[in-house]
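Just so it is clear, none of the values below were taken in a lab; they were calculated from the coordinates. Remember, predicted model here, so these are calculated numbers, not experimental data. Note: ideal-geometry Cβ built from the backbone for every residue, glycine included; neighbour counts use all protein chains shown.
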Amino acid sequence: MAEASIRSEKPKHIVFKGEEELSKSLAKYTADLSEKFVRERGAFTVVLSGGSLIESLRKLLEAPFVDSIEWARWHVFWVDERVVKKDHPDSNYKLAFDGFLSKVPIPPGHVYAINDALSPEGAADDYEACLRQLVKTEVLELSKDNGFPKFDLMLLGMGPDGHVASLFPGHPLVKENQRWVTFIKDSPKPPPQRITFTFPVINSSSYIAQVVCGSNEAAAVHNALGTEKTSDPLPAAMVTLKDGELTWFLDEAAASLLQDKASL
Ligand SMILES: O=C1O[C@H](COP(=O)(O)O)[C@@H](O)[C@H](O)[C@H]1O
């Protein structure tokens, strides 16, 4: 089992006056990384969350980003997905498709949704097999450090309880350290059946933007960005990159309980 990651220092965090400013900055950050990875290796592997994150990506759909990004080089994945049909209101794929993916020319073959005909176990196995195939075709790289897939950018949200992906506080899945993709049938947040990337995959990323807005999340942000040692950290506090860059994008409401909350 993985040890609970304890940070020695606070990760980088940027506080914005409001969600509008955050969204603009997130678009530039994402576009700059797209340009870097397309130049360096001809592809950009991007992992999306569900929830409010998708709305915060809206500025990518506007000038100058929408015209300058090489969308054809993007490969899009989900850090977690609800095991429902792709046209179900709870589907993270549907949320991203309706609000973002249907508005940009990413080739449909580069959008890796789950197989919604399978059980949670089957869908997790199938998604992991898909990732392994993409390693063979060199779309996806492996971490030299631990052999887990290394995505270029993960765009993560966080729930008010401090969960990330479908990794919930106190749930044994936070300790999974073998699988790339696993499943949960008792998610405390509905719907109960989901698949999720595991922490070794999340923590092998090159870049992570942890995007959090609103006062409902303020206590979890305060907890997760603290450096106090605890044997039972929030999942959001377990996002930690040894060989990558983690940046928290916060609005003033989400940062309201932090001491250093000077905003841009
Ligand atoms: O259930 C989920 O919740 C989290 C957080 O969502 P938010 O609406 O509070 O931002 C999300 O990141 C995850 O992908 C989703 O499945």
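Structural remarks
- Whichever aspartates and glutamates have a C-alpha closer than 15 Å to that of LYS36, once near sequence neighbours (fewer than 8 apart) are set aside: GLU70, ASP152, GLU245
- Order of ASP152, ASP125, ASP90 under a 10 Å beta carbon neighbour criterion, fewest first: ASP90, ASP125, ASP152
- Entry note, the stretch 105-206: relative contact order of 27 percent, from Cα contacts under 8 Å with a spacing of 6+ residues.
- The charge dipole of the stretch 47-146, taken about its Cα centre with unit charges on the Cβ atoms of Lys, Arg (+1), Asp and Glu (-1) only, comes to about 220 debye.
- Judged by the gyration tensor of its Cα atoms, with axes a ≥ b ≥ c, the chain is rounded; a/c sits under the 1.5 cut.
- Placing +1 on each Lys and Arg Cβ and -1 on each Asp and Glu Cβ, with no other charges, gives the stretch 122-251 a dipole about its Cα centre of roughly 240 debye.
- Viscosity 1.002 mPa s, 20 °C: Kirkwood-radius Stokes-Einstein D of the stretch 22-169 over Cα pairs, µm²/s: 134
- Based on Cα contacts under 8 Å between residues 6+ apart, the chain shows a relative contact order of 26 percent.
- Shown here: the stretch 186-244, whose C-alpha atoms stretch 32, 27, 26 Å along the first, second and third principal axes, sorted largest to smallest.
- Anisotropy class of the stretch 113-161 from Cα gyration tensor, a/c 1.5 cut: oblate
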